[in-house]
Amino acid sequence: MAADDKIMQVCDGLDMLHEDNSIPRNIRRGAEEVKNSLLNESDPLDVRVASAASRLDELANDPNIPLHGRTLIWNIMSRLEEIA
C-alpha cells in the first residue's frame, strides 16, 4: 500500500477522533492539528510522521481521555509506524 493511502487511513482515524463528542475538546483539537500537519506537504514525510507520532503520544497520555479514545490513538500510531 502506498504511503499516501496510509496517510489517508490515518486521517480518517483522526477525523473519527475529532468528531467524537465523548472525547475532551483539547484532544479533538490536537487530532485536527496532527491531521493538518500530516497533510502539509512542505515538510518531508518522515518529519511529518515523527511529529505526528510525538503529538499523538502526548494526547494518548492525557489523563482525561476515555479508554476508547486512547485505543483509537494507539491504532492510528501503529498505522503511522507502517509509513515511517
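Taken together, the values in this text are just the output of simple stated rules run on the coordinates, not laboratory data. Note that this is a predicted model, so its numbers are computed, not measured. With ideal geometry, Cβ positions are generated from the backbone for all residues, glycine too; neighbour counts draw on all protein chains shown.
Once R0 is set to 22 Å, what does the formula 1/(1 + (r/R0)^6) return for the Cβ-Cβ distance between ARG29 and GLU82, expressed as a FRET efficiency to the nearest 0.05?
Once the sixth-power term is evaluated, E becomes 0.30.
With n ≥ 4 as the cut-off for DSSP H runs, can you work out [θ] at 222 nm for the chain, using -39500 (n - 2.57) per run divided by the number of residues, rounded to the nearest 500?
When only DSSP H runs of four or more count, the value is -25500 deg cm²/dmol.
Work out how much length ASN40 to SER22 would gain on full extension: take 0.36 nm times their residue separation and subtract the Cα-Cα distance, in nm to one decimal.
3.7 nm
Could you tell me the extents of the stretch 3-83's C-alpha atoms along the three principal axes, largest first, rounded to whole Å?
Computed over the Cα atoms, the extents are 32, 20, 19 Å.
So what is log10(I(q)/I(0)) for the stretch 9-51 at q = 0.15 1/Å, when the Debye sum runs over its Cα atoms only?
These q points yield log10 I(q)/I(0) values of -0.36.
Most mobile of LEU45, LEU56, LEU17 per a Gaussian network model of the chain (Cα springs, under 10 Å)?
LEU45
What distance in nm lies between label points placed 7 Å from Cα along the C-beta direction at ASP15 and THR71?
The answer from the label model is 2.2 nm.
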